[in-house]
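**Student:** Dumping the structure here so I can ask a few things about it.
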Amino acid sequence: MQDVTEDALDEARKRANLAIDAGDFAAVRQALEGRAAEDASGECEALVGLACFQLGDYRAAAAHYALAVGHRPDNGSYEHMRARSAENASAEISVFVPPVVYYDREALLAPPTANAGLPPAPPPLSIGTWRKVRAEVATVLAYGISAAVDFSTWVAGGLFGYRDAVWTNWYRKHLLLGVLTLGHMRNVLNRGNLRNTYPRDALVGFAEKGLQPPPGVSHFRTADGTWNNLDDPKEGAAGTRFPRNVRSGAIRPEFGETLMTPSPREVSRKLLAREGEMKEVPFLNMLAASWINFQNHDWISHGQNLLTELHEIPLSADDPARVQFRQKHLFVQKTQPDPTRRSWREPAAVTFINEVTHWWDGSQIYGSDKQTVDRLRSGGGGKLRMSADGTLPLDHGGIEETGFTRDWWVGLSMLHTLFAREHNAICDRLSDAHSDWDDERLFQVARLINAAVMAKIHTVEWTPSILPNHGLSDALNANWYGALTNVFRRGKERKTLSDINIRNPELGGVVGNPINKHGKPFGLTEEFVEVYRLHSLLPEQLRIRTMGSGAEEPVPFAASRQSGSAKMVQRTGMASLFYSFGNQNPGQLVLNNYPRFMTELSIPGNPVFDVGAVDILRARERGVPRYNEFRRQLGLNPIRTWEDLTPDAEQVKRLKEVYGEEPDSVEKLDLMVGTLAEGVRPTGFGFGETLFQIFILNASRRLQADRFYTDSYNEETYTAEGLKWIDNADLKGVILRHYPELAGTGLANVKNAFEPWDVGGQLDPDRHPLRAFDKELGKDRWRTVVQAGPAAP
């Protein structure tokens, strides 16, 4: 009888394995129905578990793998799959968030909103004689100052140069010369690397010329980003194309064998995937990792990828996914194409649509269409809807309701909640000062202020924290305040708009000075998308600490995704989550430090997804040049040998194994791999100089091309209360405003909330490098010689 049972089990297993090989996972259940419980080895339960996993039924998969582990507790593969299935089930990862929607050609080509539904423009402010005189003085001074600054930047960077044999050298110069050289590098990029992807005779989005602006757009942002430019009304709007930072001839989307050479999966396995413990950045906390994800969702998204059109990445014979998931290929949905392309006079070989507004307008909080904005509002006092406990409301799927929920996880929930609450606090302040304002005006002005607070935090806090370099910190603060303000005023004395606001972006600041688009419509570029693939910042687990208890609970990152986010918030509390993130370091942006969990992630509609391989494939698919050509396009010198890229002999060996040893093999190097491998980096930098070029270009352009940070950054648009709120704002203050209990933690001991929240009187300079050149600590800022250093840790 026992032999009969074993024979039947063997036959059932054979049928199940054949069905798996054929991709018929439903047949596996049928083949093993009623048999799995009889199999003492646990193999049948594991086969059913795998079938359920591949079908996206993660709850059933977890149950079957748990039974398999019960039979074979020593089988690490069964336990790994049980844990992954349980994480996916808890996060309800099989549900599409947001629902699947594709671009519609007619909607994208529709004219901009004729009736924006905004409040009427406020009456012009009365400007006193003394203010008029100051403005005229600033205008007169601007011509001479701008000419002098332009000449100085040319001398520092153009005459003396900023490139050695391969790498740039601005950070090896005297501090002032280094800052001026950065200005020259930015000027070079503005002149040569702004490329419109619409035909020369067309407005952005193929909008009709000569349209009349609707009421209110002169002073308020629209939901979809239209009418920021009153003459080109769809510039920067949601549903318009990504521009480029490389010449049209360099935009060469890859297909077929070229697209798969070398295999994106092999690149991910051998050069990206984390080995051993995560290499940490000692001078950052996890809020820095969450923040850039949060900001990216304000700026860029390609929208829903195609579910029925797939790239197939072959798996090599030794790929562990062949055993673990019984697959011969990884399947990657193709990027949704641009349906507005014409068959003639297109300047770029391929174009794609940005799902969100290109502007720095807080669209991740508010949404990029009027329907979403209206749905998120409370309808009273200008405020956003919040739950009674101060968290974001949940939709029917258990996901927080906010402006952007794609790729959702708890780090985003924290920041979306924080700045939704900040919006409501701003409404209270405005209401106190303007009791006659209605809901619409309170909402619109509060949105302007809240977006500017986020832009300021990113400019003068986040970026210096991840790139703690003295010259760069000065340059970024000059972008916001102006170099003269930084020299003569300290701390809270600094104001974005000075009493005499010098109309020059270097000395008077970009913000509040005249708009400058450098001859091209504004938009964030495909190259910008590629340089912000910073997944290596993320850990395998979140270390959740409960304030006051000293307890620490490791939570798999994957469990914090989608509906798992709200569950964590309810279980832990928002203040403890901020405390936890403030005390955990993110990962370094180097090779072989990419999260392991992301190399076998499950996403809606695709149970096995290697994000590292997809990151490589996307740049190739979208025609972003590979590393060396990318550097040439940006005016940098290419690497000539693998040893030029990094002095690390082991890394050179691995690069050669993947890309080859022949002399031209460096030309195959993928952009992201090259940027992670750069072994020569500016002093203190968390990433290398190639990414930094796109950063130099866009850090200023995001502000300088936006009317609401330039010509309209004034009291008439923002109110006196709003300008003061922005001047007083920093991330530490925003967090403490809404979670005052954190004043008893290390947050109170640090100045920049992106630093580790350490306690004690003498902070470790390796963990707090910004203190070395903090003006308020009395350092002489203009006599420092910046020393070159090794790659940042």
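**Student:** So, in the range 362-371, of the ones that are farther than 18 Å from Arg441 by Cβ and within 21 Å of the chain's Cα centre (by Cα), which residue ends up surrounded by the fewest Cβ atoms within 10 Å (Cβ to Cβ)? Can you show your working first?
**Tutor:** Narrowing the range 362-371 to residues farther than 18 Å from Arg441 by Cβ: 363-365, 367-369, 371.
From what's left, within 21 Å of the chain's Cα centre (by Cα): 363-365, 367-369.
On the way: Ser363: 29, Gln364: 27, Ile365: 28, Gly367: 22, Ser368: 25, Asp369: 20.
Per the criteria, the residue is Asp369.
**Student:** Which of (1) touching a residue at least 40 places away in the same chain (Cβ under 8 Å); (2) polar (S, T, N, Q); (3) in a loop (DSSP other than H, G, I, E, B) does Gln364 not meet, given it meets every other one?
**Tutor:** Answer for Gln364: the failing condition is (3).
**Student:** Can you say whether Val611 is of a type in the set (A, V, I, L, M), touching a residue at least 24 places away in the same chain (Cβ under 8 Å) and either surrounded by fewer than 24 Cβ atoms within 10 Å (Cβ to Cβ) or touching a His at 6+ places or on another chain (Cβ under 7 Å) (or both), as far as the supplied structure shows?
**Tutor:** Working: of a type in the set (A, V, I, L, M): yes; touching a residue at least 24 places away in the same chain (Cβ under 8 Å): yes; either surrounded by fewer than 24 Cβ atoms within 10 Å (Cβ to Cβ) or touching a His at 6+ places or on another chain (Cβ under 7 Å) (or both): yes.
Yes, satisfied.
**Student:** If you don't mind, there's one more thing I want to ask. Output the residues belonging to the range 376-394 that are in a loop (DSSP other than H, G, I, E, B) and under 22 Å from Gln562 (Cβ atoms). So that I can check it myself, show each step before the final result.
**Tutor:** Pass one, the range 376-394, residues in a loop (DSSP other than H, G, I, E, B): 378-383, 385-393.
Residues satisfying the conditions are Arg385, Met386, Ser387, Asp389, Gly390, Thr391, Leu392, Pro393.
**Student:** Okay, next question. Quick one: what pairs do we get from the range 294-317, first residue within 19 Å of Phe242 (Cα to Cα) and at pLDDT 95 or above, second of a type in the set (Asp, Glu) and not in a strand (DSSP E or B), C-beta under 6 Å, 6+ apart or different chains?
**Tutor:** Close Cβ pairs satisfying both conditions: Ser301/Glu355; Gly303/Glu355.
**Student:** On to the next question. Which pairs turn up if I take residues in the range 492-507 that are under 13 Å from Asn477 (Cβ atoms) and look for partners that are hydroxyl-bearing (Ser, Thr, Tyr) with beta carbon separation below 7 Å, at least 6 apart in sequence or on another chain?
**Tutor:** From the range 492-507, the pairs are Arg494/Tyr481; Arg494/Thr485; Thr496/Tyr481.
**Student:** Pairs under 7 Å by beta carbon, first residue of a type in the set (Gly, Ala, Ser) in the range 662-681, partner not in a loop (DSSP other than H, G, I, E, B), six or more apart or different chains?
**Tutor:** Ser665/Tyr659; Gly674/Tyr627; Gly674/Leu645; Gly674/Thr690; Ala677/Leu645; Ala677/Gln651; Ala677/Leu655; Gly679/Leu645
**Student:** Select from the range 643-666 the residues that are open to solvent by 90 Å² or more (accessible area, probe 1.4 Å), acidic (Asp, Glu) and under 19 Å from Phe687 (Cα atoms) and list them in ascending order.
**Tutor:** Within the range 643-666, just Glu643 meets the criteria.
**Student:** Of the conditions (1) closer than 30 Å to Ser602 by Cβ; (2) surrounded by 22 or more Cβ atoms within 10 Å (Cβ to Cβ); (3) out of contact with any strand residue (DSSP E or B) (no Cβ under 9 Å at 6 or more places or on another chain), His416 satisfies every one except a single condition; which number is it?
**Tutor:** The single condition His416 does not satisfy is (3).
**Student:** For the range 342-351, how many residues meet the condition of being within 10 Å of Arg241 (Cβ to Cβ) and either touching a helix residue (DSSP H, G or I) at 6+ places or on another chain (Cβ under 7 Å) or part of a strand (DSSP E or B) (or both)?
**Tutor:** Residues meeting the conditions: 1.
**Student:** Does the range 247-272 hold any residues that are open to solvent by 50 Å² or more (accessible area, probe 1.4 Å) and closer than 18 Å to Thr675 by Cβ, and which are they?
**Tutor:** Keep residues of the range 247-272 that are open to solvent by 50 Å² or more (accessible area, probe 1.4 Å), which gives 247-249, 252, 255-258, 261, 269-270.
If the condition is that a residue be open to solvent by 50 Å² or more (accessible area, probe 1.4 Å) and closer than 18 Å to Thr675 by Cβ, then Lys270 is the only one that fits.
**Student:** Can you find a residue that is more than 30 Å from Arg618 (Cα to Cα), hydroxyl-bearing (Ser, Thr, Tyr) and either crowded, with 16+ Cβ neighbours inside 10 Å or modelled with pLDDT of 80 or more (or both) anywhere in the range 497-518? Give the derivation first.
**Tutor:** In the first step, residues of the range 497-518 are kept if they are more than 30 Å from Arg618 (Cα to Cα); the result is 497-516.
Filter again for hydroxyl-bearing (Ser, Thr, Tyr), leaving 498.
After this cut, where a residue has to be either crowded, with 16+ Cβ neighbours inside 10 Å or modelled with pLDDT of 80 or more (or both) as well, the list is 498.
Yes: one or more hits.
**Student:** Sticking with this one: Among the residues of the range 311-321, count how many are of a type in the set (D, E, K, R) and surrounded by 14 or more Cβ atoms within 10 Å (Cβ to Cβ).
**Tutor:** The first filter runs over the range 311-321 and keeps only residues of a type in the set (D, E, K, R), leaving 312, 318-319.
Filter again for surrounded by 14 or more Cβ atoms within 10 Å (Cβ to Cβ), leaving 319.
Of the residues in the range 311-321, 1 are of a type in the set (D, E, K, R) and surrounded by 14 or more Cβ atoms within 10 Å (Cβ to Cβ).
**Student:** Oh, and also: Among the numbered conditions (1) over 23 Å from Asn229 (Cβ atoms); (2) assigned to a loop (DSSP other than H, G, I, E, B); (3) touching a helix residue (DSSP H, G or I) at 6+ places or on another chain (Cβ under 7 Å), tell me where Ile313 comes up short.
**Tutor:** Among (1) over 23 Å from Asn229 (Cβ atoms); (2) assigned to a loop (DSSP other than H, G, I, E, B); (3) touching a helix residue (DSSP H, G or I) at 6+ places or on another chain (Cβ under 7 Å), Ile313 violates only (2).
**Student:** May I pose another question? Give the range 66-109 a look and list any residue that's out of contact with any helix residue (DSSP H, G or I) (no Cβ under 8 Å at 6 or more places or on another chain), open to solvent by 40 Å² or more (accessible area, probe 1.4 Å) and over 19 Å from Glu45 (Cα atoms), or say none.
**Tutor:** Phe96, Pro99, Val100, Val101, Tyr102, Tyr103, Asp104, Arg105, Glu106, Ala107
**Student:** Something else now. Give me the helices (runs of 4 or more DSSP H) completely within the range 509-597, filtered to those with at least 2 residues that are more than 16 Å from the chain's Cα centre (by Cα), ordered by residue number.
**Tutor:** 563-572, 574-582
**Student:** Moving to a separate point now. Got at least one residue in the range 395-413 being surrounded by fewer than 23 Cβ atoms within 10 Å (Cβ to Cβ), in a helix (DSSP H, G or I) and touching a residue at least 60 places away in the same chain (Cβ under 8 Å)?
**Tutor:** Checking the range 395-413: at least one residue is surrounded by fewer than 23 Cβ atoms within 10 Å (Cβ to Cβ), in a helix (DSSP H, G or I) and touching a residue at least 60 places away in the same chain (Cβ under 8 Å).
**Student:** Confirm whether Ala699 is touching a helix residue (DSSP H, G or I) at 6+ places or on another chain (Cβ under 6 Å), of a type in the set (A, V, I, L, M) and either open to solvent by 20 Å² or more (accessible area, probe 1.4 Å) or touching a residue at least 12 places away in the same chain (Cβ under 8 Å) (or both).
**Tutor:** Details: touching a helix residue (DSSP H, G or I) at 6+ places or on another chain (Cβ under 6 Å): no; of a type in the set (A, V, I, L, M): yes; either open to solvent by 20 Å² or more (accessible area, probe 1.4 Å) or touching a residue at least 12 places away in the same chain (Cβ under 8 Å) (or both): yes.
Here the answer is no, as Ala699 does not meet what is asked.
**Student:** Of all residues in the range 22-41 being within 43 Å of the chain's Cα centre (by Cα) and either modelled with pLDDT under 90 or among the hydrophobic types (A, V, I, L, M, F, W, C) (or both), which is farthest from Thr5 (Cα to Cα)?
**Tutor:** Taking the range 22-41 as the starting set, the residues that turn out to be within 43 Å of the chain's Cα centre (by Cα) are 22-29.
In the following step, the residues that additionally are either modelled with pLDDT under 90 or among the hydrophobic types (A, V, I, L, M, F, W, C) (or both) were identified as 22, 25-29.
Values: Ala22: 26, Phe25: 24, Ala26: 23, Ala27: 21, Val28: 18, Arg29: 18 Å.
Result: Ala22.
**Student:** Kindly provide the set of residues from the range 154-202 that are open to solvent by 30 Å² or more (accessible area, probe 1.4 Å), not in a helix (DSSP H, G or I) and not polar (S, T, N, Q), ordered by number.
**Tutor:** Phe160, Arg163, Asp164, Ala165, Lys173, His174, Arg195, Arg200, Asp201
**Student:** With the checklist (1) at pLDDT below 95; (2) open to solvent by 10 Å² or more (accessible area, probe 1.4 Å); (3) at negative phi in hand, flag the one item Gly548 doesn't pass.
**Tutor:** Looking at each condition in turn, Gly548 falls short on (3).
**Student:** Suppose we keep only residues that are part of a helix (DSSP H, G or I) and of a type in the set (S, T, N, Q) within the range 256-290. Which one would you say is farthest from Ser368 (Cα to Cα)? Full working, then the answer.
**Tutor:** Within the range 256-290, the subset part of a helix (DSSP H, G or I) is 256-259, 264-272, 286-290.
Now restrict to residues that are of a type in the set (S, T, N, Q): 258, 268, 290.
Working: Thr258: 36, Ser268: 33, Ser290: 21 Å.
It comes out as Thr258.
**Student:** Answer yes if at least one residue in the range 242-255 is outside any strand (DSSP E or B) and over 28 Å from the mean Cα position of the chain (by Cα), and no otherwise. If you could, list the steps in order and put the result at the bottom.
**Tutor:** Of all residues in the range 242-255, those outside any strand (DSSP E or B) come to 242-243, 245-255.
This time we only want the ones that are over 28 Å from the mean Cα position of the chain (by Cα), so: none.
No.
**Student:** Something else about it: What are the pairs, 6+ residues apart or on separate chains, where a residue within the range 572-584 that is open to solvent by 10 Å² or more (accessible area, probe 1.4 Å) has its Cβ under 6 Å from a residue that is part of a helix (DSSP H, G or I) and acidic (Asp, Glu)?
**Tutor:** If the second residue must be part of a helix (DSSP H, G or I) and acidic (Asp, Glu), the pairs left are Ala575/Glu741.
**Student:** Continuing with the same structure: Given the structure, is Glu45 open to solvent by less than 20 Å² (accessible area, probe 1.4 Å), in contact with a helix residue (DSSP H, G or I) (Cβ under 6 Å, 6 or more places away or on another chain), over 30 Å from Gln336 (Cβ atoms) and part of a helix (DSSP H, G or I)? Full working, then the answer.
**Tutor:** Values: open to solvent by less than 20 Å² (accessible area, probe 1.4 Å): yes; in contact with a helix residue (DSSP H, G or I) (Cβ under 6 Å, 6 or more places away or on another chain): yes; over 30 Å from Gln336 (Cβ atoms): yes; part of a helix (DSSP H, G or I): yes.
In short, yes.
**Student:** Looking at Val356, Val373, Val323, Val332, can you tell me which residue is under 26 Å from Asn245 (Cβ atoms), outside any loop (DSSP other than H, G, I, E, B) and β-branched (Val, Ile, Thr)? Give the steps one after another, and end with the answer.
**Tutor:** On the way: Val356 fails: outside any loop (DSSP other than H, G, I, E, B); Val373 fails: under 26 Å from Asn245 (Cβ atoms); Val323 fails: under 26 Å from Asn245 (Cβ atoms).
Val332 is the lone residue from the list that is under 26 Å from Asn245 (Cβ atoms), outside any loop (DSSP other than H, G, I, E, B) and β-branched (Val, Ile, Thr).
**Student:** Quick check on this structure: which one of Thr572, Thr599 is of a type in the set (Val, Ile, Thr) and under 30 Å from Met547 (Cβ atoms)? Lay out the reasoning, then the answer.
**Tutor:** Values: Thr599 fails: under 30 Å from Met547 (Cβ atoms).
Exactly one of Thr572, Thr599 is of a type in the set (Val, Ile, Thr) and under 30 Å from Met547 (Cβ atoms), namely Thr572.
The values are calculated or read from the model by the stated rules, or taken from the named source; none is laboratory data. This is a predicted model, so every value here is computed, not measured. Virtual Cβ from ideal backbone geometry, glycine too; neighbours counted across all protein chains shown. Please note that ligands, DNA and RNA were not included when accessible areas were found on the heavy atoms of the full protein model with its side chains. Shrake-Rupley method; radii C 1.70, N 1.55, O 1.52, S 1.80 Å.
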